[in-house]
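Presented below is the structure to which this report refers.
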Amino acid sequence: MNLGRRPRSGRAKCGNRWNREKNGGLVVIIGKRCKNVAKERAAEVIFGYCAGNDVSVRDWQLQTTQWVLGKSFDIHAPIGPWIVTPDELGDPHTLGIRCLVNGEQRQSSNTKQFDFQRLRSDRTP
């Protein structure tokens, strides 16, 4: 497998369709230009939140020691369809998350189970 080049058609072949995994997630939408924001001030730059689908192609992802390759195709991060502002959402760390594919439940979790809870100021990294 040549990982250095994508097909000339402009669309990358994204692996065996049976080897794709889909996981529901919470997307944080940054609403202010920022860089190196202190954890205590992170909430100040958040515009809102929306649902996201973290699509992975395991046969590509497992070609390297990094997970990025299997998550970087054009179709791999659908989000939406709505944006919810922080005041409408409440605590983003206690939300139920489900992923359904063609009516079949593939995931049922809660944001308190997520690995990257960096926005919460009372947590340590």
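Histogrammed with a bin width of 5 Å, the alpha carbon distances of region 17-113 distribute as 3, 11, 18, 20, 19, 16, 9, 4, 0 percent, first bin at zero.
Only four residue types carry charge here, +1 at the Cβ of Lys and Arg and -1 at the Cβ of Asp and Glu. Report the dipole size of region 17-113 about the Cα centre in Debye, rounded to the nearest 20.
On the way: 13 positive and 10 negative charges, 52 e Å.
Taking the Cα centre of region 17-113 as origin, the dipole is about 260 debye.
Taking the Cα centroid of region 68-111 and of region 26-55, what is the distance between the two, rounded to the nearest whole Å? Using only Cα atoms to place each centre, the spacing works out to 14 Å.
All of the numbers you see were taken from the coordinates with simple rules; none came from a lab. Just so it is clear, the model here is predicted, and its values are computed rather than measured. Using ideal geometry, Cβ is built from the backbone for each residue, glycine included, and neighbour counts are taken over all protein chains shown.
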